[in-house]
Amino acid sequence: MDDGDDIYMRSWTGTIIGPHNTVHEGRIYQLKLFCDKDYPEKPPTVRFHSRINMTCVNHETGVVDAKKFGLLANWQREYTMEDILTQLKKEMAAAHNRKLVQPPEDTMDNNYTAKLVYSGEEAVVSFDHSVSYIDFANSVRDQFPVLGRSIVNLRYTVFPDVISYRLENEDDMKMMFRVLARYSSDFVDVDVCSFDVSASGSESVLSNNVSEYSSVSFDENDYLECYKPEEAKRYCSKGWENYIKSKDQKFQGGVEEFMLKLRMYAIEMGFEYKYVRNTKKRVVAYCSKRESEHCGWCVKASLLEYNRFFVITDLVNEHSCHGVVRLQTNKMMGSKIIKSIMLDKVRENPNKRL
């Protein structure tokens with residue numbers, strides 16, 4: 001493991017000694033293995049830090065192509081990190097790899113790995129401190145040609161942080177490097193969304209002179225004195241209504257993240273709840289009007305021992321009580337929520353004074 005304090009055991013370092021009677025003999029290869037939130041249902045991302053020439057390894061990034069490596073392509077949750085390393089060593093000794101000309105012994109120039117997810121499809125890219133936002137966004141487009149010239153919206157997460165942050169310009173790119181350094185991580189999850197603007201005739205063009213995308217087209221009437229409705233205000237609680245969604249929803253941060261998200265959800269939806277059970281392994285909460293108005297809303301969640309995630313095991317997400325209203329002030333808005341909001345804002349715009 002890379003970090004002894006990583007209770008979720010997501011980041012691993014592996015070593016393979018080159019097999020005898022092959023071009024790899026006498027060499028020592030270093031690898032990084034990263035288990036994301038879907039592990040062990042899905043395999044980890046594996047990347048060689050040492051330069052190597054193998055048919056299943058990307059020569060530029062060192063990433064093991066899951067489609068070309070049988071163990072990852074036919075992954076089963078019972079497989080272990082040791083199984084991966086053992087099978088890779090066997091692959092080195094295979095007829096199609098044992099005599100391949102190898103590059104000089106050195107480490108890969110790329111320092112970081114990004115796992116990209118777009119419409120259920122996944123891809124992996126490597127990058128270092130020299131890469132700009134424009135270059136990174138273009139590499140995303142290269143991985144998903146279907147994006148075409150649509151507007152791309154990126155958000156990233158660096159474990160163990162459970163909050164996703166926007167990635168829209170050079171400042172956001174610099175902040176991502178800071179977050180990676182903060183958690184001593186070289187792996188980042190990136191969610192990719194797109195917006196088709198072809199219908200309006202607009203184009204999305206990546207340029208080093210433009211740091212943000214815009215799909216706004218100006219009309220000459222915009223300069224006339226005419227009535228325009230006031231732009232809707234964006235509250236700090238925007239998005240909280242999605243924090244509690246469905247059964248089997250997982251919380252990587254364990255019971256603390258679940259309880260924080262539950263409180264923020266209740267604030268946004270305008271109701272109060274009571275704990276019937278509240279331990280590190282199991283939480284049960286009911287609407288505070290369960291007895292007085294027989295409201296059926298309730299949520300039950302418990303700890304998954306194998307990865308320490310907290311998961312919702314039962315959810316009745318409808319209120320039968322009356323008087324449920326969202327207030328501008330709420331007594332549940334405690335210091336932990338304020339801290340979470342301020343931390344999010346600082347990371348979104350580190351140069352802004354609060």
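Miscellaneous remarks
- Highest to lowest packing among 43-50, 60-67, scored as the average C-beta count within 10 Å: 43-50, 60-67
- Relative contact order (percent, whole number), the range 259-316, Cα cutoff 8 Å, 6+ residue spacing: 22 percent
- Accessible area (Å², 1.4 Å probe, nearest 10) - VAL146: 110 Å²
- Intensity falloff of the range 1-87 expressed as log10 I(q)/I(0), Debye formula with alpha-carbon point scatterers, at q = 0.25 Å⁻¹: -1.41
- A 1.4 Å probe, protein heavy atoms only, puts the accessible area of ILE312 near 0 Å².
- With θ taken as phi - 60° and the Karplus curve 6.51 cos²θ - 1.76 cosθ + 1.60 applied, the whole-hertz 3J(HN,Hα) list for the range 155-163 is 9, 10, 9, 10, 4, x, 5, 9, 9 Hz, x standing for glycine and proline.
- Applying 1/(1 + (r/R0)^6) with R0 = 51 Å to the Cβ-Cβ distance of HIS59 and ARG277 gives a FRET efficiency near 0.40.
- For the range 66-131, dividing the convex hull volume of the Cα atoms by the residue count gives 143 Å³ per residue.
- Near the amide H of TRP297, within less than 5 Å, lie the amide hydrogens of CYS287, SER320, all on another chain or at least 5 residues away, with H placed in the peptide plane.
- Accessible heavy-atom area order of LYS289, LYS281, highest first, probe of 1.4 Å: LYS281, LYS289
- Shown are TYR306, TYR286, whose ranking by accessible area with a 1.4 Å probe and every protein chain present, most to least, is TYR306, TYR286.
- Extension gain from GLN87 to GLU25, taking 0.36 nm per residue of separation minus the Cα-Cα distance: 20.7 nm
The values are calculated or read from the model by the stated rules, or taken from the named source; none is laboratory data. Nothing here was measured: the structure is a model prediction, and the numbers come from that model. Using ideal geometry, Cβ is built from the backbone for each residue, glycine included, and neighbour counts are taken over all protein chains shown. Accessible surface is based on the protein model in full, side chains and every heavy atom, while ligands, DNA and RNA are left aside. Shrake-Rupley method; radii C 1.70, N 1.55, O 1.52, S 1.80 Å.
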